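The values are calculated or read from the model by the stated rules, or taken from the named source; none is laboratory data. None of these values were measured; they are calculated from a predicted model. All Cβ positions, even for glycine, are placed from backbone atoms using ideal geometry, and neighbour counts span all protein chains on display.
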Amino acid sequence: GLYMAVGPLEPRFYEEFAELLGLGDEAPDRNDFGRWEELRALVADRFRTRTRAEWTEIFEGTDACVAPVLSLREAPRHPHLSARSTFVEHGGLTQPAPAPRFSATPVSVRSGPALPGADTEAVAADWGLPGLPTTGKETTG
């Protein structure tokens with residue numbers, strides 16, 4: 001139920017990917033577009049032989065262009081994302097840090113994430129849209 005992101009597009013990255021995945025000679029030529037479904041199935045079958053943690057360890061530190069797909073609970077604790085300050089905590093909530101970030105233009109989080117629909121009227125006014133019809137079920141807070 002967990003996933004890996006795979007993107008070895010250039011030949012040298014693909015060669016390392018294929019070697020680490022153990023595809024060997026059984027894999028069809030990746031340039032044979034007519035056999036991509038076969039290649040896709042072979043890659044998927046190979047990934048099913050180990051856990052995401054095991055594949056992460058195998059591909060860690062390589063140029064094979066493979067990384068684990070992290071959940072929103074895992075991502076803030078990942079060493080790379082943590083070192084890059086990709087997530088921040090504000091008001092007890094962990095959320096993505098503002099992006100892009102430039103060294104000469106510091107940014108900060110001044111509020112928590114908006115609740116869905118909480119700012120509809122303000123956004124509509126900012127965009128110059130007429131007021132939105134109400135349903136009579138709106139809440140305030």
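None of 83, 41 is out of contact with any Cys (no Cβ under 6 Å at 6 or more places or on another chain) and not assigned by TED's automatic domain parsing to the domain that holds residue 20 except 83.
Residue-level analysis places residue 66 among those that are touching a helix residue (DSSP H, G or I) at 6+ places or on another chain (Cβ under 6 Å) and either in the same structural domain as residue 17 (by TED's automatic domain parsing) or at pLDDT 95 or above (or both). Condition test on residue 50, is it surrounded by 11 or more Cβ atoms within 10 Å (Cβ to Cβ), in a loop (DSSP other than H, G, I, E, B) and of a type in the set (Lys, Arg)? Spelling it out, residue 50 is indeed surrounded by 11 or more Cβ atoms within 10 Å (Cβ to Cβ), in a loop (DSSP other than H, G, I, E, B) and of a type in the set (Lys, Arg).
Scanning the range 53-79 for residues that are within 20 Å of residue 94 (Cβ to Cβ) and loosely packed, with under 10 Cβ neighbours inside 10 Å returns 71, 73, 79. Of the residues making up the range 13-32, those that are surrounded by 10 or more Cβ atoms within 10 Å (Cβ to Cβ), on the phi < 0 side of the Ramachandran plot and out of contact with any Asp or Glu (no Cβ under 7 Å at 6 or more places or on another chain) number 11. Assigned to a loop (DSSP other than H, G, I, E, B), touching a strand residue (DSSP E or B) at 6+ places or on another chain (Cβ under 8 Å) and surrounded by 14 or more Cβ atoms within 10 Å (Cβ to Cβ), is that true of residue 8? Yes; evaluated as a whole, the condition is true for this residue. For the range 90-106, filtered to residues that are assigned to a loop (DSSP other than H, G, I, E, B) and surrounded by 12 or more Cβ atoms within 10 Å (Cβ to Cβ), the residue that is nearest to the chain's Cα centre (by Cα) is 97.
Can you find even one residue in the range 33-46 that is small (Gly, Ala, Ser), in a loop (DSSP other than H, G, I, E, B) and either touching a strand residue (DSSP E or B) at 6+ places or on another chain (Cβ under 7 Å) or at pLDDT 95 or above (or both)? No, because not a single residue in the range 33-46 is small (Gly, Ala, Ser), in a loop (DSSP other than H, G, I, E, B) and either touching a strand residue (DSSP E or B) at 6+ places or on another chain (Cβ under 7 Å) or at pLDDT 95 or above (or both).
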